[in-house]
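The values are calculated or read from the model by the stated rules, or taken from the named source; none is laboratory data. Worth saying up front: this structure is predicted, and the values here are computed from it rather than measured. Because the Cβ atoms are built from the backbone with ideal geometry, glycine has one as well, and the counts that use them run over all protein chains shown. Surface accessibility is based on the protein's heavy atoms, side chains included, excluding ligands, DNA and RNA. Shrake-Rupley method; radii C 1.70, N 1.55, O 1.52, S 1.80 Å.
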Amino acid sequence: MNGLQGSRPKLLAGIALLGASALVMAGCSTPTPAPESSEATNERPENVDLSLTLGSLLPATGTLAFLGAPMEAGVQLAVEQINEADAGIQVELVSEDEGDLDNKAYETSITNLQSAGITAMVGAASSSVTKLILDGNAGAGILTVSPSNTSPDFSGINDLYFRTAPSDLLQGEVLGNQIAEDGHKTLGIIYQNDPYGTGLFEAIKTTFEGTGGEVVAEASYNQGDGQFNAQVQTIAAEKPDAVAVVSYDQFATIAPLLGNAGIDTGALYLVDGNLKDWPDLPVSLEGSKGTRAGAELPDDFIDQLNEVWTAGGNEPIDALTYSAEAYDAATLIALSALYAVSVEGADIAGAMRTVSGGEGEGEPCTSFADCAEIINAGGTPDYDGYSGKVTFDENNDPKGADIGVYEYDAENVQTRLK
C-alpha cells in the first residue's frame, strides 16, 4: 500500500526522559483501584511532570500492512497533541513493525520495545500476534492496548490488556443480518483459521442461520497459504446465493478465483480485514458489501492524520481502518497515566476504565487537552473519542460500537451506507 512507503519514524516529537518509566516485573505491582464514582476527588500533586515511553507495534509489512499506516498515523497524531498540550505528561513514542505470522517481524520488534523501556503499548493489530506477545508484556508490567483485536477470546483475558475495537461478535452479527436483509437464503463462507477468522466465522454463521438462512458450504485456510483453489471449489460446488470472505489481503487472490468458478462477485461480503478499495482487482465487486467497526470520521481528523503521516516522508493514507481506534488508544493511555500520576503499566491500567467513563458519570470531554484540564483540576473525565464513546466494561472491552456497512461501486471503491 502506498501509505506505507518511506521509513517509519522511530521517535515522534516530544522529548521524554526514560528514568521514570522503568519496567515493573510481574507480582511487584497491582492496578491502582479506580474511584467508585466521578464524584470522588482526584487529589493531585502541585506539579505533575510525567515522562511516558509508549510503544507501538503495528504492521508495516505482511498481510495487514495496508492497515498499518492509518493506525500508526493515529498514534502519532495523538502523541503530537498530547505533547503540545503540555498538561503534565510528555510522551516518547517508539514504533516497531509487527509484520505477520509469516515474516515474524514482531519477534525482534517486541524485544526492541521492551529494551526501550516502554510501560504501555498500542498494538498488536493482529489477534494472533497479540496472543503470542501478551504474556511477555504482562510479565514485564507493560499495558497492552490494541486498536484492532476483535477476537472474542480477548474479553477479560488479562488485567493489563484493553482494546478500543469491539468483539467480532458485534461485527459478525451486523454482517450476518445484512446478508439476510439483502435477500440471500444460502451462504458460503471462506475464512482464515486463526482467532480472528474463526471468531468472525462463528458469529456470521450463527446470526445468518438465526434469520432462517442456511450456510451451505464453509472452507478454511491457514495464514501463509498461497493457494485457495480447494476452498473455492468447496464453496462453488454448493452454488450459494452469496459468499462471505473472512481474510486479510488474501482476498486479492480469492475473489478472482470465485468469479472464475461462477460465483457472483457482486454478492460477496467482506470484513474489516479486507474491506478497502480494490480498483486493480480483475473482477467487479459492484454491489458487494462489507463491515468494519468505527464511526464515520470527520474531514478535519482525516486531514490531521495525513498531515502527521506525510510529514514523516510517507505517501498520503488511502485507508482509514482503525485509525480512530489507534488514536483513542494512545489518548486513553496518556490520560490514564496523568490521572494515576504514574507511568507504570499497572497504574495506568487501573485508571483506564475510570477515564473512559466506565466507573460512573465523569465529566464528558472529547480531546486530550480538555480531559487533562479536568484531571488537573481534580475531576474525573469521561473521554469520548473519534471511534465512539469507548467506555470500557468489566472485561476491558468497549461497551458498545458503531459498525459501519459499506458497498462497492463499479470502480471497486467502497462507500459507507450506514
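Could you list log10 I(q)/I(0) for the range 119-192 at q = 0.12, 0.14, 0.25 Å⁻¹, which the Debye formula gives when each Cα is one point scatterer?
Listed by q, the Debye log ratios stand at -0.42, -0.53, -1.10.
Suppose we take every Cα in the chain and form the convex hull; what volume per residue is that in Å³?
Once divided by residue count, the hull of the chain is 123 Å³.
Given C-alpha coordinates of the range 30-186, what is the ratio Rg to Rh with the Kirkwood estimate of Rh?
Value, to two decimals: 1.04.
Can you give the FRET efficiency for A237 and E46, using 1/(1 + (r/R0)^6), R0 = 60 Å, r = Cβ-Cβ distance, to the nearest 0.05?
For A237 and E46, the calculated efficiency is 0.25.
Compute the relative contact order of the range 264-392 as a whole-number percentage, counting only Cα pairs closer than 8 Å that sit 6 or more residues apart in sequence.
So the answer I get is 19 percent.
Considering only protein heavy atoms, what per residue accessible area in square angstrom results for the chain with a 1.4 angstrom probe?
Spelled out: the 1.4 Å probe surface of the chain, per residue, equals 37 Å².
Helix 299-310 sits at what angle to the longest principal axis of the chain, using alpha carbons and giving 0 to 90 degrees rounded to 10?
80 degrees
Can you give the % of DSSP beta bridges in the chain that are antiparallel, to the nearest 5?
If I count the DSSP bridges inside the chain, around 20 percent turn out antiparallel.
Would you please give the residues with an amide H less than 5 Å from that of T380, counting only those at least 5 places away or on a separate chain, with H modeled from the backbone geometry?
Amide H neighbours of T380: E363.
For the range 294-418, what ratio Rg/Rh do Cα atoms give with a Kirkwood hydrodynamic radius?
Expressed as Rg/Rh, it is 1.04.
In nm, to one decimal, how far is the S155 label point from the N103 one, both placed 7 Å along Cα→Cβ?
3.4 nm
Using the Cα gyration tensor of the range 172-232, with a ≥ b ≥ c the square roots of its eigenvalues, what is the shape: rounded (a/c below 1.5), prolate (a/b larger than b/c) or oblate (neither)?
Note, shape of the range 172-232 comes out prolate.
In the chain, carbon and sulfur make up what percent of the accessible area (probe 1.4 Å)?
With neighbouring chains kept in place, the figure for the chain is 46 percent.
Calculate the spin-label point distance for F301 paired with D402, positioning each point 7 Å from the Cα along the beta-carbon direction, and give it in nanometres.
0.7 nm
Where the only charges are on Cβ atoms (+1 Lys, Arg; -1 Asp, Glu), what is the dipole of the chain about its Cα centre, to the nearest 20 debye?
820 debye
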